[in-house]
Amino acid sequence: MDTFHHNTQFKWFYRSINITLYPKGLYEVSSLFVLYQYKYMDDDMPTKQVILDTNFLMIPFQFKINIFSELDYLIDISHSYIISSKTLNELKRIGRTIGKDGMAARLALKMLEANKIKIEIIKNDAVVDDWIVKYAQKHNAIVCTNDSGLRKRLRILRVKVITLKSKSRLGYI
């Protein structure tokens, strides 16, 4: 029975090298090899949908984290990004304001524009948090948010949630 999927590649690389020096010129070299899994998109493999909330999209400005590269690292399966049309409108509205939130929203809009190939905008008229909960349940999607109330609602429903951890990285809760 083959345990490897046809769309997965593995490569070895050095994780660390230790050199210990002993008296009289003797030394010991030890290294740690790690098996690293590379993933790539495959047409046969279904993609997991990842919903991005407004406050999550403002992380890059506030905490200097590239959310798209962090999410690509964190989510180990093929995935695509989803945002609500109301989320986009909210970012545009906040982006017209002066201050840190306005600058964060403008940066978020630029990042969305730069990654528009990977992002699908879904039109809706519902309240954004309610839409996120319903959509995530219906499509078994991962939700990215920093909203504590929304996180609690999603955890009760056993929806996977990614949030900011320690103000320096992203992680599942």
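The values are calculated or read from the model by the stated rules, or taken from the named source; none is laboratory data. The structure presented is a predicted model; accordingly, all values stated were derived computationally and were not measured. A quick note on method: Cβ atoms are made from the backbone with ideal geometry, for glycine too, and the neighbour counts reach across all protein chains shown.
Between Lys134, Lys116, the distinction of being assigned by TED's automatic domain parsing to the domain that holds Phe68 and either over 16 Å from the mean Cα position of the chain (by Cα) or buried (at least 18 other Cβ atoms within 10 Å of the Cβ) (or both) belongs to Lys134 only. When the residues of region 143-168 are filtered to those that are in contact with a helix residue (DSSP H, G or I) (Cβ under 7 Å, 6 or more places away or on another chain) and assigned to a strand (DSSP E or B), the one that is surrounded by the most Cβ atoms within 10 Å (Cβ to Cβ) is Cys144. For region 112-127, the set of residues classified as assigned to a loop (DSSP other than H, G, I, E, B), farther than 18 Å from Ile65 by Cβ and not small (Gly, Ala, Ser) consists of Lys116, Ile117, Lys123, Asn124, Asp125, Val127, listed by residue number.
When region 52-74 is filtered for residues that are touching a Lys or Arg at 6+ places or on another chain (Cβ under 6 Å) and either crowded, with 17+ Cβ neighbours inside 10 Å or part of a strand (DSSP E or B) (or both), nothing remains.
Screening Phe10 with (1) part of a strand (DSSP E or B); (2) at pLDDT 90 or above gives one miss only, at (2).
Quick one: would you say Tyr73 is outside the structural domain of Lys167 (by TED's automatic domain parsing), at pLDDT below 90 and out of contact with any Cys (no Cβ under 9 Å at 6 or more places or on another chain)? Answer is no for this residue. The single residue among Leu91, Leu109 that is without any contact (Cβ under 8 Å) to a residue 24 or more places away in the chain, within 19 Å of Met58 (Cα to Cα), assigned to a helix (DSSP H, G or I) and hydrophobic (A, V, I, L, M, F, W, C) turns out to be Leu109.
With respect to Ile67, determine if the residue is at pLDDT 95 or above and either in contact with a Phe, Trp or Tyr (Cβ under 6 Å, 6 or more places away or on another chain) or closer than 19 Å to Leu150 by Cβ (or both). No: the conditions fail for Ile67. Annotation: Tyr81 fulfils all but one of (1) closer than 16 Å to Thr145 by Cα; (2) of a type outside the set (A, V, I, L, M); (3) in contact with a strand residue (DSSP E or B) (Cβ under 8 Å, 6 or more places away or on another chain); (4) in contact (Cβ under 8 Å) with a residue 40 or more places away in the chain; the unmet one is (4).
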